Amino acid sequence: MKAIIICASLTMAAAAFADNKDAIKVNQVGYYPREQKVAVIEPSVKQKIFTLRDAKGKTVWKGRAVRNSVSPFTGKVRQVVDFSKVTGEGTYTLCAGKQRQQVIIRNNAFAEVADKAMKAFYLQRMSMPIEKEYAGEYARPMAHPDNKVLVHPSAASEGRPAGTVISSSYGWYDAGDYNKYIVNSGFTIGVLLQAYQMNKAYLDKMNLNIPESGDYMPDFLDEIMYNLKWMETMQDPTDGGVYHKLTTPNFEGFVMPSECHQQRYVVQKTTQATLDFAATMTLAARIYGEYPAYRRFAGQALQMAERAYAWAVRNPHEYYNQDAMNEKYEPKVFTGAYGDNNAEDEFFWAATELFLATGQNAYLEQAKQFAPKDYSVPTWGNVAGLGVQQWLNHSILNKVEDLGIDVQKMKSDLLAFCNDCISRIPTSSFHCPHGNRTQDFPWGSNSEMCAGQGIALLYAYTLTADRKYLDAAISDADYLLGRNATGYCFVTGFGTKPVMHPHQRISHADGIEAPLPGFLAGGPNPGQQDRETCKTYPSDAPDESYTDDMNSYASNEIAINWNAYLVGLMSWLDATLSR
């Protein structure tokens, strides 16, 4: 299996360069030949002259740091080295005194990260066996058929009373646990399908080696359809509302999926889940409807979306409060809440998608009513940015300016956000718009705050053709791939210092040393909410509050929404840089 070969080769590379003690921070996956190439040297290195040597030991570049950087968190003074003049493809060694670090320069440098990040969704599938033909040594038996799920008392309706048995198969495990959550699934598919809209030709060629490969659909859309099939089952057909999640009462232990035996339930219908469902199904209807084999699905998906939106209008404040639910109903539920006490952003995104699909003015008026005052990177808890990006997508792809809503303001707001990001690069520790403020490091900082920011910067580049935005987006990718305070390449299976112990039940329980490849670790999180049970954090500094420890759910978990951003960023960059 290709991913395993890469992992093994990079492990050997890590051994060869083990003496660097994290002194030289680089993008460990690869720099593009004609793009900027920056490394950061830690304070332990006193050397002032640096060299880059090719595979034969010949010095191809020699120079000093272009500037010093001072950490806003620790006061560490680092040296920033720029060897962009080197453009030949190959494997090099960056030398700083006695310290060494591997440097790779190659075209399509991010392509394999994009492919493996998308293939990771296949490895998260449930309700089917994960076969050796597609997964190599990560094959496992079928688990969680979810064909005998119970309606939880909190989700009961006249047509489906508590205890009703329903089938809710298919779908992806949400994160390191074995449950499925509509809010996060909807957000994840929204990110992926918007990436598809902007880079259709590139993603149509993605070869994932999944069971559906070779059919009449691109692999990228085939994989997403596996989760859409599950989402369809989560709508109550009696009223149009959508269940918040499909879950066990408690998280399973760190065992393989086939060893799990708790009863599974669909739990409470909520406004946010229903609107995320409406938005996702509408966007999917527009995209899949272009393929003859899925026109029936597209029609059904749009009908389901409109019913969902109507339910949300009738029930605008049905928010998920797990503690309050547990006071009223049995069994009590203690899994991920995905709680949110504001639905205006979900109304905006759903109304946007429905207007663009139907042209109905009522949806346009709803979108206007709930339009955000400024741009923010989308998160599962604030999806307004997905609505903004959809208006931008429509304007960019269809060359339409007057859409009945102020798209020019949305463009201006996005550019203002991106300009603020770029303003931090000249004084940043790691030559990156991300990672210079404490607020850059919430739970899952690698995702929305870094990869999501990178996507925003790529929108800015698409709108303006100004290279500063593209360069900044590349810097966000460099950060994720190793040029950061921890020295980790945060994508499993890649890098000279790869993540080896993610908080993911399958990777822990499968008996294989290397974790499932292609997953983005959550990243530094100074909240350290797991510090009582995880004692391996090396530092309290925001950008160093990460530990490659299976117990660290606060810094080292994986999640489908985080991987969606990774796929979006790496595929968009490779599509742009490899033309």
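The values are calculated or read from the model by the stated rules, or taken from the named source; none is laboratory data. Quantities reported herein were computed from a predicted structural model and do not represent experimental measurements. No Cβ is skipped: glycine too gets one built from the backbone with ideal geometry, and neighbour counts run over all protein chains shown. To get the accessible areas, we keep the full protein, side chains included, count just its heavy atoms, and leave off ligands, DNA and RNA. Shrake-Rupley method; radii C 1.70, N 1.55, O 1.52, S 1.80 Å.
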Here, Gln360 and Lys373, labelled 7 Å along Cα→Cβ, have an inter-label distance in nm of 3.1
For the chain, compute Rh as the Kirkwood radius over C-alpha pairs and then the Stokes-Einstein diffusion coefficient at 4 °C and 1.567 mPa s; write the answer in µm²/s, rounded to an integer.
-> 53
Rounded if a/c under 1.5, otherwise prolate or oblate - region 172-278, Cα gyration tensor axes | oblate
Give the distance, in whole Å, between the Cα centre of region 318-374 and the Cα centre of region 39-82.
-> 48
Computed over the chain: longest principal axis from alpha-carbon atoms vs helix 271-288 long axis, angle to nearest 10 degrees, is 80
Please calculate how many Å² of accessible area the chain carries per residue, with a 1.4 Å probe and no DNA, RNA or ligand atoms counted.
-> 36
Beyond 22 Å (Cα-Cα) in this structure, taken from Lys180/Lys205; Lys245/Lys332; Lys37/Lys468; Lys119/Lys148; Lys269/Lys328; Lys25/Lys200, we find Lys180/Lys205; Lys119/Lys148; Lys25/Lys200
Tilt of helix 182-198 relative to the longest C-alpha principal axis of the chain, in degrees (0 to 90, nearest 10)?
-> 60
Apportionment of accessible area to carbon and sulfur, the chain, percent (1.4 Å) | 51
Between the alpha-carbon centers of region 152-213 and region 218-279, tell me the distance in whole angstrom.
-> 7
On a 0 to 90 degree scale, rounded to 10, what angle separates helix 384-398 from the longest Cα axis of the chain?
-> 80
